Amino acid sequence: QVQLVESGGGSVQAGGSLRLSCAASGRIVRINGMGWYRQAPGKQRELVAHISSDSSTNYADSVKGRFTISRDNAKNTMYLQMNSLNPEDTAVYYCAANIGWRDYWGQGTEVTVSS
């Protein structure tokens, strides 16, 4: 059984920063690609950032230059550093990982940015 647990969400004022973490636990053979997604109220879930097993990254246009995705393979943990947050970043953030060629999702962590 594999679990992904997010942490680090919260409330922040516009212009502030948050750092999200996603820790994988359980029977982990190999973690391939990992990613952060978000879903704002009334909107579809969207990809925010992705990091491959070789740590190459890509970002949604809306977060380029503000968010940084990273991973620590020794700790089976992925991070999302979010800077210059604005109210449009308000959403539930989910981590996802391809582990052993199966996709797993975390339960989500809420981020609220007030103006």
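The values are calculated or read from the model by the stated rules, or taken from the named source; none is laboratory data. Given the structure is predicted, the values throughout are model-derived calculations rather than measurements. Note that we place each Cβ from the backbone using ideal geometry, even for glycine, and neighbour counts take in every protein chain shown. Only protein heavy atoms, including side chains, enter the accessible area calculation; ligands, DNA and RNA are left aside. Shrake-Rupley method; radii C 1.70, N 1.55, O 1.52, S 1.80 Å.
Considering only protein heavy atoms and a probe of 1.4 Å, how much of the accessible area of the chain is carbon and sulfur, as a whole percent?
On the way: 2790 of 6240 Å².
The value for the chain is 45 percent carbon and sulfur by accessible area.
Dipole of the chain, Cα-centred, from +1 at each Lys and Arg C-beta and -1 at each Asp and Glu C-beta, to the nearest 20 debye?
Charge dipole, the chain, about its Cα centre: 240 debye, nearest 20.
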**Report entry** Euclidean distance between Cα centres, region 84-115 to region 50-68, Å
**Finding:** 13
Requested in this report: Arrange the residues ARG38, ARG27, ARG19, ARG45 by how much accessible surface each exposes, largest first, with a 1.4 angstrom probe.
Outcome: ARG27, ARG19, ARG45, ARG38
Query raised in the report: Which three extents, in whole angstrom, do the alpha-carbon atoms of the chain cover along their principal axes, largest first?
Result: 43, 24, 23
Query raised in the report: Peptides 96-103, 29-36: what's the order by average Cβ count within 10 Å, highest mean first?
Result: 29-36, 96-103
